[in-house]
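Visitor: Sharing a structure here in structure tokens format.
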Amino acid sequence: MSPPDDVAPPPTSGAPEFREPPFLVGLMFLTAATLGLEVLFTRLLSVLTWYSLAFLVIGMGMFGLTVGAVRVYLAADDYAPERLAQTLARDSLRFAIATPVAYTLLLVVPLRVAPVWTTVPLFLAFAALIALPFIPAGMVVAGAITRAPIAPGRVYAVDLAGAALGAPLVPELLERMSCGAAIFVMAAAGAAASAAFSLSSGKIGAQRRGVVVAVALGALALVDVGGGRMLVPLWAKGKAEDAGNSAFDAWNSHSRVQVSQSAVQPAALWGAGRKCRIPRVRQRMIVIDADAATPLYQPDHSLDELAFLGCDVTNIAHHLRPGGAAAVIGVGGSRDIQAALLFQHAPVYGIEMNRRLLEVLKGPLGAPTLVATHPDVKLVHDEARSFLSRSKLQVRVLQASLIDTWAATGAGAHALGENGLYTLEAWRTFLDRLEPGGVLTMSRWSSGETTRVVSLAVAALLSRGVASPREHIALVQGGPVTTIVVGRDPLTAEDGELLRRVADEKGFVVLLGPGMKLPDGHILTDVLTATTRARLDEVTLLPALDYRPPTDEKPFFFNVIRLSAFGATPPPAMSGTIEGNRVATRALVLSLFSTVALSLAAIVVPLVRRARPAGRITRELRASLAYFGLIGLGFMMAEVGLLQRLSLVLGHPTYSLIVVLAALVAAAGLGSYVSDGWAIDREPLCYVYPVVIAGVLLALSHLMPIVAPKIQPLDVRSRIAISGAIAAASGFVMGFGFPGGMRLVRATQGEETPWLWGINGVGGVVGSSLAVVVALEAGLTSLFFAAALCYLALLPLIRVLRAGAAT
């Protein structure tokens with residue numbers, strides 16, 4: 001059955017009356033719920049598993065939508081125009097039911113990526129659970145776009161407009177409820193879509209079912225908002241959750257923050273000196289996304305009770321530069337601010353992008369820290385790099401201690417907000433904020449990360465014209481943590497003597513300081529003696545490991561293992577860091593394997609089996625399949641490129657996900673709608689729009705490195721607005737690709753349109769994981785080049801399709 005023309009035909013005699021407005025409302029509700037669910041599952045997986053699996057949600061979401069499209073193709077009679085609205089009402093209701101089912105099962109499955117035989121089937125099952133609610137959503141979207149008696153461009157525009165509304169809805173929900181409650185709201189929206197589709201078909205009974213299910217799911221969400229907490233994770237990061245010890249549990253768009261009950265325990269120190277006695281203090285633990293922990297000390301009377309903070313190697317810079325202004329990146333539980341106050345710094349700026357943490361500090365749980373009300377403390381809610389870029393602040397000490405949410409080192413090396421703090425461009429900004437004699441201090445886990453931090457420091461100093469970076473750098477180790485101190489000016493002999501005296505008193509180890517030499521042949525010796533960037537890159541790029549300084553083009557600070565050496569055994573001294581990278585890479589490989597395997601099993605094989613009996617694999621069909629596969633691949637390459645690049649501008653991958661998805665799909669919808677008024681399936685326009693799309697993507701590849709640093713210093717609203725405009729510009733032109741293809745194949749492959757929709761999804765599914773691999777190896781700009789090539793490759797395919805239509 002051929003898809004409808006742009007003008008809806010009159011209803012046939014005896015067919016139920018079709019009402020377009022409620023049909024489009026139902027589609028908008030469903031697509032808003034679908035994209036909102038995708039963002040929420042991304043946030044949920046950041047708690048249950050690792051940040052690197054965020055792209056698995058994108059891939060599995062696309063996979064589910066594609067499987068749904070295949071179902072439309074294989075069960076064409078169910079989606080005939082006279083039955084379409086009733087069928088979509090049924091599918092929307094299935095989405096509403098599948099969503100809480102998938103959420104519940106995700107909470108109880110302990111996902112691991114250990115190298116054992118059970119990992120692959122468990123990973124496949126986990127991926128399938130993510131895809132479960134997207135399958136009926138895909139049925140609705142594919143059925144509406146390919147079978148509705150409405151102009152395809154208009155339907156596609158409503159589809160994308162709804163999706164654009166779903167993404168920005170998520171942060172508003174998470175400010176008021178848990179992730180689970182927000183997921184139930186998305187399910188309720190799916191049930192409301194079912195009621196709207198039923199109204200479109202005139203089926204009152206089915207309409208009532210949708211309303212009842214929507215009200216029931218909304219009531220369950222309200223129970224959670226009221227403190228019911230019906231469903232909580234049983235497992236997170238492979239460990240059992242201890243919900244009974246929580247005094248505070250709240251979500252927002254980029255974290256889940258839990259605060260433990262107050263208890264008297266040994267003080268939590270990251271890098272305690274060997275000679276230090278660890279006192280017992282009253283404290284709480286703040287845990288972010290079920291793994292990253294930071295203490296919230298509660299002194300009984302004054303901050304003097306926290307003098308033991310001087311025994312943590314993260315605070316070594318305060319011994320060198322006491323007094324004066326200080327700034328702390330990543331406030332956490334305020335321990336670094338408390339340490340700065342103990343060393344007589346004033347004022348002390350605490351820069352924290354997570355508003356939930358500031359709420360804790362300013363509320364009753366944080367009052368005993370004596371920080372929020374201290375007259376010398378200025379708490380700033382902002383992304384540190386952006387704030388410092390636009391600030392004229394000059395400080396004596398700029399400190400960042402283990403800012404990585406720890407999930408990064410464990411397995412989140414591929415999509416993490418803190419990557420933006422560990423790039424060459426960021427460190428230039430940090431060094432610019434130091435007063436004469438001031439120091440930048442950063443603490444990282446020892447071993448492999450130490451080499452990369454030193455490489456980054458040397459690159460930043462070389463970029464400032466420093467002839468001998470070695471004279472500006474000191475390294476001090478305490479337990480599992482190494483702290484680097486980078487001076488705006490060369491460190492003095494007095495600094496070296498003070499470092500050694502403090503280290504001897506506390507039990508630290510000075511690895512490098514003024515007047516000290518490292519052994520010949522040590523990798524740090526080669527790094528520290530590099531006098532050009534080319535030499536630095538040469539000595540830090542090893543056969544198995546990549547310690548080159550990260551840049552905004554390749555911001556993957558936490559990923560030091562090269563993909564070509566994925567199976568190599570790391571040196572014993574680096575096994576912890578490399579194993580974390582291996583877990584991240586293993587998760588990426590499993591994600592790619594899962595998307596390909598599930599796509600072959602659930603999409604490609606059913607489609608090919610359906611096509612063989614009728615012998616429909618023609619030259620035109622091959623060209624059509626290639627066309628829609630390429631636009632799916634190209635769109636996803638561009639999307640991931642925008643997500644990664646703009647996450648550096650916006651400060652967190654979740655911000656980027658929401659802004660980019662909303663702007664990209666809304667603009668693509670507008671482009672699709674506009675395309676209905678142009679003859680883009682005829683010459684010459686059919687050859688023009690792929691070139692325009694490729695041109696815009698190539699322009700992005702050239703302009704983004706230039707524009708991004710200029711956006712960085714702006715306030716968050718301006719950054720969001722400009723980032724949204726950039727995403728919208730590319731989305732608008734890419735929105736021509738799908739309706740253009742649909743109109744090109746309408747005459748020759750009308751019955752195959754759901755299949756083509758499915759192949760388009762396969763391209764997106766594979767592209768979601770493949771894009772990360774490409775970015776790791778070749779940088780973010782390469783993604784825009786790859787996307788542009790995908791769209792340019794459409795030109796010979798369009799020629800084949802035009803020739804087929806002419807005959």
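The values are calculated or read from the model by the stated rules, or taken from the named source; none is laboratory data. Since the structure is predicted, the reported quantities are computational estimates derived from the model, not experimental observations. Glycine gets a Cβ as well: all are built from the backbone with ideal geometry, and neighbour counts include every protein chain shown. When the accessible area is computed, the model is the full protein with side chains, heavy atoms only, and any ligands, DNA or RNA have been set aside. Shrake-Rupley method; radii C 1.70, N 1.55, O 1.52, S 1.80 Å.
Visitor: Regarding the range 31-107, what are the three Cα extents along the principal axes, ordered largest first, in Å?
Guide: The Cα atoms of the range 31-107 stretch 45, 21, 19 Å along the principal axes, largest first.
Visitor: Students often get this wrong: which residues of the range 295-322 have the backbone nitrogen under 12 Å from the point 7 angstrom along Cα-to-C-beta of Thr492?
Guide: Output list for this probe position: 321.
Visitor: Turning to a different aspect of this structure: Within the range 319-357, list the residues whose amide N lies under 20 Å from a label point set 7 Å along Cα→Cβ of Gln394.
Guide: Hits in the range 319-357 for Gln394 at 20 Å: 321-328, 345-350.
Visitor: Using a ≥ b ≥ c from the Cα gyration tensor of the range 280-378 (square roots of the eigenvalues), is it rounded, prolate or oblate, where a/c under 1.5 gives rounded and otherwise the larger of a/b and b/c decides, a/b for prolate?
Guide: Rounded, since a/c falls under 1.5.
Visitor: How large a share of the accessible area of the range 614-688, in percent, is made up of carbon and sulfur atoms when the probe is 1.4 Å and the other protein chains stay in place? Provide the component values of the computation, followed by the final result.
Guide: Values: 1530 of 2390 Å².
Here it works out to 64 percent.
Visitor: Moving on. With a 10 Å radius around each residue's Cβ, average the other Cβ atoms per peptide and rank 727-736, 31-40, highest first.
Guide: So the peptides 727-736, 31-40, ranked by packing, come out 31-40, 727-736.
Visitor: Under a crude label model (7 Å from the Cα following the beta-carbon direction), how far is Thr104 from Asp537 in nanometres?
Guide: For the pair Thr104/Asp537, the computed spacing is 5.5 nm.
Visitor: How much length is gained on full extension from Thr618 to Leu703, taking 0.36 nm per residue of separation minus their Cα-Cα distance?
Guide: Going from the current span to full extension adds 26.5 nm.
Visitor: Further, regarding this structure: Any chance you could list P(r) for the range 121-166, counting all Cα-Cα pairs in 5 angstrom bins from zero, rounded to whole %?
Guide: With a bin width of 5 Å, the distribution comes to 5, 19, 20, 19, 14, 10, 8, 3, 1.
Visitor: Mind computing the radius of gyration and Dmax over the alpha-carbon atoms of the range 639-743? Å is fine for both.
Guide: Reported Rg and Dmax, both Å: 14.7, 46.
Visitor: Let me know the shape class of the range 158-217, please: from the alpha-carbon gyration tensor, a ≥ b ≥ c as square roots of the eigenvalues, rounded when a/c is under 1.5, otherwise prolate if a/b is greater than b/c, or oblate.
Guide: Verdict is oblate for the range 158-217.
Visitor: Also, quick follow-up: As an exercise, use a Förster radius of 41 Å and the Cβ-Cβ distance of Ala679 and Asp382 to find the FRET efficiency, rounded to the nearest 0.05. Before the final figure, lay out the partial values.
Guide: Values: r = 49 Å, r/R0 = 1.19.
Step by step, r from the Cβ atoms, then E = 0.25.
Visitor: Pull out the extension gain between Asp526 and Ala75, defined as 0.36 nm times the separation in residues minus the alpha carbon to alpha carbon distance; nm, one decimal.
Guide: Contour length minus the Cα-Cα distance gives 155.8 nm.
Visitor: Let me ask you something else. Given 20 °C and 1.002 mPa s, how large is the Stokes-Einstein diffusion coefficient of the range 634-676 in µm²/s, with Rh as the Kirkwood radius over Cα pairs?
Guide: In µm²/s, the coefficient rounds to 199.
Visitor: Sorting check: for 471-477, 508-514, 367-373, which peptide has the highest mean count of neighbouring beta carbons within 10 Å, and how do the rest follow?
Guide: Final packing ranking: 471-477, 508-514, 367-373.
Visitor: Ranked highest first by the average count of other Cβ atoms within 10 Å around their residues, in what order do 293-305, 353-365 fall? The partial results should precede the final answer.
Guide: Numbers: 293-305: 16.2, 353-365: 19.2.
The peptides rank, most packed first, as 353-365, 293-305.
Visitor: Moving on. Find the centroid of the Cα atoms in the range 304-327 and in the range 156-192, then give the distance between the two in whole Å.
Guide: Using only Cα atoms, the two centres lie 45 Å from each other.
Visitor: Continuing with this model, one more query. Accessible area per residue of the range 300-375 at 1.4 Å probe, in Å²?
Guide: 31 Å²
Visitor: For the range 486-559 and the range 434-481, what is the centre-to-centre distance using only Cα atoms, to the nearest Å?
Guide: Cα centroid of the range 486-559 versus Cα centroid of the range 434-481: 6 Å apart.
Visitor: Would you tally the net charge around Pro133, using a Cβ to Cβ cut-off of less than 15 Å, leaving Pro133 out, and scoring K and R as +1, D and E as -1?
Guide: So the surrounding residues net to +1.
Visitor: At 20 °C and 1.002 mPa s, what whole-number value in µm²/s does Stokes-Einstein give for the translational diffusion of the range 662-807, with Rh from the Kirkwood sum over Cα pairs?
Guide: Here the translational diffusion coefficient equals 129 µm²/s.
Visitor: Grab the eigenvalues of the alpha-carbon gyration tensor for the range 120-224, scale each by 5, take roots, and send me the semi-axes largest first in whole angstrom.
Guide: Semi-axis lengths for the range 120-224 are 24, 20, 16 Å.
Visitor: Could you give the Stokes-Einstein D for the range 238-298 in µm² per second, using the C-alpha Kirkwood radius, 10 °C, 1.306 mPa s?
Guide: 124 µm²/s
Visitor: Need the full-extension length gain, Arg176 to Val773, defined as separation in residues times 0.36 nm minus the C-alpha distance. One decimal, nm.
Guide: Details: separation 597, 0.36 × 597 = 214.92 nm, distance 3.62 nm.
Using 0.36 nm per residue and subtracting the Cα-Cα distance, I get 211.3 nm.
Visitor: Taking K and R as +1 and D and E as -1, what net charge do the other residues with C-beta under 14 Å from the C-beta of Phe508 add up to?
Guide: Once all neighbours under 14 Å are counted, the net charge is +2.
Visitor: Cα gyration tensor of the range 297-352, axes a ≥ b ≥ c as square roots of the eigenvalues: rounded (a/c below 1.5), prolate (a/b > b/c) or oblate?
Guide: It comes out rounded by the Cα gyration axes.
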